[in-house]
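The values are calculated or read from the model by the stated rules, or taken from the named source; none is laboratory data. What you see is a predicted model, and the numbers here were worked out from it, not measured in a lab. Quick reminder, even Gly has a Cβ in these numbers, built from the backbone with ideal geometry, and neighbours come from all protein chains shown. Side chains are part of the model used for accessible areas, which takes the heavy atoms of the whole protein and leaves out ligands, DNA and RNA. Shrake-Rupley method; radii C 1.70, N 1.55, O 1.52, S 1.80 Å.
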Number of protein chains: 2
Amino acid sequence: MLNNYWCVSSLFIHDAIIVTQNSAREVLRGNILVRDGKIESVGKEHMDADSTVEAGGKIAIPGLINTHCHVAMTHLRGKLDDISLEKFLERTFKLDSERSNAGIYNSSLLGMYEMLDSGITSFVDLYYSEEVIAKAVRESGIRGFLSWVTLDEDKTTQKGSPLKNAERFISNFRNDELVIPSVGIQGVYAAGDEVYLGAKELAEKKDTIIHGHLAETREEVYNFLNQHNGVRPTEHLEKIGFLNPRFLAAHGVWNTLHEVRLMGKNGVKLSWNPVSNAKLGIGGMAPVPEYLANGVSVSIGSDSCGSNNTQDVFQGMKFGSIWVKSDRWNPAITNAQAILDMATVNAAASLNRPDLGSLEPGKSADIVLLDTRTPRLMLTDEITAVSNIVYSADASCVSDVIVNGRLIKSDGHLAKFNSKDFQDAEFV
Amino acid sequence: MLNNYWCVSSLFIHDAIIVTQNSAREVLRGNILVRDGKIESVGKEHMDADSTVEAGGKIAIPGLINTHCHVAMTHLRGKLDDISLEKFLERTFKLDSERSNAGIYNSSLLGMYEMLDSGITSFVDLYYSEEVIAKAVRESGIRGFLSWVTLDEDKTTQKGSPLKNAERFISNFRNDELVIPSVGIQGVYAAGDEVYLGAKELAEKKDTIIHGHLAETREEVYNFLNQHNGVRPTEHLEKIGFLNPRFLAAHGVWNTLHEVRLMGKNGVKLSWNPVSNAKLGIGGMAPVPEYLANGVSVSIGSDSCGSNNTQDVFQGMKFGSIWVKSDRWNPAITNAQAILDMATVNAAASLNRPDLGSLEPGKSADIVLLDTRTPRLMLTDEITAVSNIVYSADASCVSDVIVNGRLIKSDGHLAKFNSKDFQDAEFV
């Protein structure tokens, strides 16, 4: 049955609670028609299609978007926990430099199935060997925004120039339906001004985003400060002309209010990684209310399986929301709608992909159904839907996942995933 | 098949990664034999039994224990979010006073299925009308530690004296296999010394625990302080002789180090409710490292669906752990083993039930299997099992749940739960 779905050109989703995430944030009970990878209609009408999914009151949401991860590190799950940040970074860098292509491929494919299984239809990845990860993207059917990491040549195990490697990767994968290549940057602790400006130039030339770490840890910020006469990293990046709307910065925990304003003024986007930031004990919470107040688009990233240890945006939404409330002693400082926006429309804006993040005619058909027959979602109606997505739902509620019009998960089962395929596979 | 399991007298679980939670915290690959509601053996041997569960490398853990909730409030999910604490409490108290028995029963039953579905085999409840909730316990097959709440007569809608109601409930339900009645207490804002001491006397007479709120919000603590010449609630409870090893206190956020020490000295137990505390923005985190350092047994509670909005101990473990790490800027301040202990052996100790919380011969057979064929648990081995339970697993991984030797959930399906049974049901 699933193999048929995989290939059908039109699909009718019947009788769902549709959380449209359109500009009015409408939630309505109705139907969705998908044709040739696009949403053709959202409404009350019954339409003919090659196949029908009987939603029976399930909640339909735009596919969740994970805006920061290192999917090839999925095999590190459970291996780097409960140690100091110093030891964590040391072990991670060492393990990262000893990978085989087979290990990168298998780890990535497993991580992509984990994401699809929990309702993520797009993710942003920062790593090297992205051409290997791209193959896993095609195999799994997820949408991968793959940023080839650049950094100083003397600080990497990449062969050749990271900037040239990134350019080659982007040139080879232009205009793929599921693989969207872009420029990555490691962070100020590993990349000098030349690399930053080269990355920006490359992104402009190839019309891609730039994705990289920014102000994650105290140590990286204070080391930089000491080496740059008290100038902070984000201030410095503004000075050299790097800050620009293509830049999707991950973390942004150790930014001052002045730096937050610089990001807002220059159109920089933030991928907030609440679970990873907390678990690594990097100190404090990213100043999310201040980012939002200064016009920075905030989305949610999982970060790697070494520091999260899942690639789960439901956890990111719930923990992110309650962390802000707790941090500011104010349960009303954020709300479920603002948090769901982060995982959908804000993320789509950060990727310059207005076709993603909402369920509206003409948009790409990335759709997730949440099962309201489960105990934890059973009493959901149009009024409680958004709250229940953010505060109650988890991966166990995800019954159907559609990416680009293809039904990847159906009635709780991932079509192409078979745990036996991974037995005895190489993961390092 | 499930109906057979429900009644079998012996059950053999074959080939699991067994996280025993025994005193050596052994994790071993092997088998578990269950007979007449008890664990008969844990080890490598193959045994004959009426039925066999082929675990095929699934992780076996002791059933999780949720040490604080109000299960009858499950219907409030999604209805009290993102508002001030004042408004939250006001609305909750109003809604709580307008319940029907049918509403209490159906809400409770739905909440119990939610807990069983996510690997919880025992829960502690604080509410009135516990005789109605007890019926839902029997129907669902979960283990319910039901604390009938006591408070001043002029502050309740209970008919008659809450202490007498509690005594009647405890007398009627003595020695039930699944229903374990006990004395509840609302908190210092609603119960005077007479009720506290009456509750203690009743608990001693009937040999039960006492379960109640303590130092949850700033407001309740500072109101008390103002009315008691600067004496703090927990100090006061010690002074009047209330603090004792039967007392399982929920929250304990706004306790000073002096009060933490008083709790340790008097054998009081803490039910920590990290998700609820954060979501309500009550200010800061309970001083968990200090509780542990002072010998207080710390376990994990979900609190109600109005403030969590799930009854999920996996979320409590993961969020609790990363919150402590973040709060103290130290990822090594706690570890997965200490957190899993909270949800299992610590909780069992808090309930004075050494037969629960570990997988050892002679213990009660409350066992949960986590599916290692899921993407998020697939690479788990004996070394990473504990980390992956705490940081990676969620309800989507729970495939089998056994309570008191009965298989309640099998291969992902709750035996007795049918969402249709709840259609058009009364929940208020």
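Directionally averaged projected area (the stretch A:259-300, Cα convex hull): 2.8 nm². Over the Cα atoms of chain A, the radius of gyration divided by the Kirkwood radius equals 0.96; this is the Rg/Rh ratio. Probing with 1.4 Å while keeping every protein chain in the model, the per residue accessible area of chain B equals 34 Å². Take residue B:46, push a point 7 Å out from Cα through the beta-carbon direction, and compare it with the same point in every other copy: 5.6 nm, smallest first.
When the alpha carbon gyration tensor of the stretch A:326-391 is reduced to an equivalent ellipsoid, its three semi-axes come out at 23, 20, 8 angstrom, largest first.
Ellipticity at 222 nm from helices only: DSSP H runs of n ≥ 4 in chain B, each -39500 (n - 2.57), divided by the residue count, give -9500 deg cm²/dmol. In the stretch B:87-114, comparing the full protein assembly with the chain on its own, the residues that lose 30 Å² or more of accessible surface at a 1.4 Å probe are B:110, B:114. Angle of helix B:218-227 to the longest C-alpha principal axis of chain B, folded into 0 to 90 degrees and rounded to 10: 30°. Each Lys and Arg Cβ is given +1 and each Asp and Glu Cβ -1; about its Cα centre, the protein assembly as shown then shows a dipole of about 620 debye.
With a threshold of 31 Å on the Cα-Cα distance, the over-threshold entries among A:135/A:239; A:318/A:416; A:38/A:58; B:135/B:420; B:38/B:205 are A:135/A:239. Buried on complex formation within the stretch B:388-404 (loss of at least 20 square angstrom of accessible surface versus the isolated chain, 1.4 Å probe, ligands and nucleic acids ignored): B:388, B:391, B:392, B:394, B:395, B:396. For the protein assembly as shown, the alpha-carbon radius of gyration amounts to 0.93 times the rule-of-thumb value 2.2 N^0.38 Å expected for a compact globular protein. Interface size, chains A and B: roughly 4800 Å² of accessible area buried, both sides included, 1.4 Å probe, rounded to the nearest 100. Between 0 and 90 degrees, the angle of helix B:85-96 with respect to the longest Cα principal axis of chain B falls at about 80 degrees.
The same position residue B:10 in the other copies lies at 6.1 nm from this copy, comparing label points 7 Å beyond Cα toward the beta-carbon, shortest first.
Per residue of peptide A:326-338, the mean number of Cβ atoms on other chains within 10 Å of the residue Cβ is 5. Cross-link partners of residue B:159 among lysines, defined as those whose alpha carbon lies under 18 angstrom from its own and excluding same-chain residues fewer than eight positions apart: B:94. For the stretch B:64-350, the share of accessible area belonging to carbon and sulfur comes to 48 percent (1.4 Å probe, ligands and nucleic acids excluded).
List the residues of the stretch A:350-382 that lose 30 Å² or more of accessible area once all protein chains are present, compared with their chain alone (1.4 Å probe, heavy atoms only, no ligands or nucleic acids). Going by heavy-atom accessible area, the residues of the stretch A:350-382 that drop by at least 30 Å² are A:373, A:375, A:376, A:378, A:379. Measuring r between the beta carbons of residue B:425 and residue A:332 and using R0 = 22 Å, the FRET efficiency lands at 0.10.
Placing a label point 7 Å from the Cα of residue B:290 along the Cα-to-Cβ direction, the distances to the matching points in the other copies come to 2.7 nm, shortest first. Please enumerate, by chain and number, the aspartates and glutamates with C-alpha under 18 Å from the C-alpha of residue B:164, excluding those fewer than 8 residues away in the same chain. Answer for residue B:164, where 18 Å is the Cα cut-off: B:130, B:131, B:152, B:153, B:154, B:193, B:194, B:201, B:204, B:207, listed by chain and number.
Where chain B is carried onto chain A by rotation, the Cβ closest to that axis, with its residue and distance in Å, is B:396, 2. Legend: calculated FRET efficiency, residue A:50 to residue A:172, from the Cβ-Cβ distance at R0 = 51 Å, rounded to 0.05, equals 0.95.
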